[in-house]
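The structure under discussion appears below in the form of structure tokens.
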Amino acid sequence: MTSWKNYGTLRSYKGIAPELKANVYIDEACVLVGDIKLDDDASIWPLVAARGDVNHICIGKRSNVQDGSVLHVTRKSDTNPDGNPLLIGDDVTIGHKAMLHGCTLGDRILVGMGAIILDGAILEDDVILGAGSLVPPGKVLKSGYLYVGSPAKQVRKLTEAELAFLPQSADNYVNLKNEYLREVQ
């Protein structure tokens, strides 16, 4: 487990506190509240707000959430007994100022800057979502494609270069967060 020192505002809610695995970086200008799990080598950048208060948030290995993004969940109810947690897979890059609400992201995904992904939406593995795109509630984005627009529409298959870039983008942020971690130690 990573220690909480040198991290942003991490707060418990109803006795549940964020859980950090090894080599996680959280910028000091972030707020993470409640039931949030960050797996190994994840990074959270300045001004991210994440609330795992009425459901849980899981962020996978080597995934990064960039500046100004908002992460939240959907509460459990009679019509939605499980609510909608926010689940982010491994090697996911979430661009600046994205908003993710109660959705599920697979592995090796790039979410463009300013994109919005709503309740119950699912992005399968190996997806690029263009900047400013809106994924409506419950929509499924199939693996291996580029999606853009509001609402997001499938544009074309990803190229081999784009597929290779997805884990490289995550690696770039792992390297950057390691540099930041060296600075705060």
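The values are calculated or read from the model by the stated rules, or taken from the named source; none is laboratory data. Given the structure is predicted, the values throughout are model-derived calculations rather than measurements. Counting neighbours? That spans all protein chains shown, and the Cβs are built from the backbone with ideal geometry, glycine included. The protein model used for the area step is the full one, side chains on, heavy atoms only, and it has no ligands, DNA or RNA in it. Shrake-Rupley method; radii C 1.70, N 1.55, O 1.52, S 1.80 Å.
Some observations on this one:
- The amide H of V148, built 1.01 Å from its N in the peptide plane, has G130, K153, V155 as neighbours under 5 Å, considering only residues 5 or more places off or on other chains.
- Helix-derived mean residue ellipticity, 222 nm - over the chain, DSSP H n ≥ 4, -39500 (n - 2.57), to 500: -5000 deg cm²/dmol
- Among [x] 70, 39, 23; [y] 44, 44, 21; [z] 61, 46, 25, the entry derived from the coordinates for Cα extents along the principal axes in Å: [y]
- Structure note, pairs K37/K153; K14/K97; K21/K177: Cα-Cα distances above 21 angstrom occur for K37/K153; K14/K97.
- For the pair A49 and T159, a Förster radius of 30 Å applied to the C-beta separation gives a FRET efficiency near 0.30, rounded to the nearest 0.05.
- Residue ranking by accessible heavy-atom surface, 1.4 Å probe, largest first, among T93, T104, T74 comes out as T104, T74, T93.
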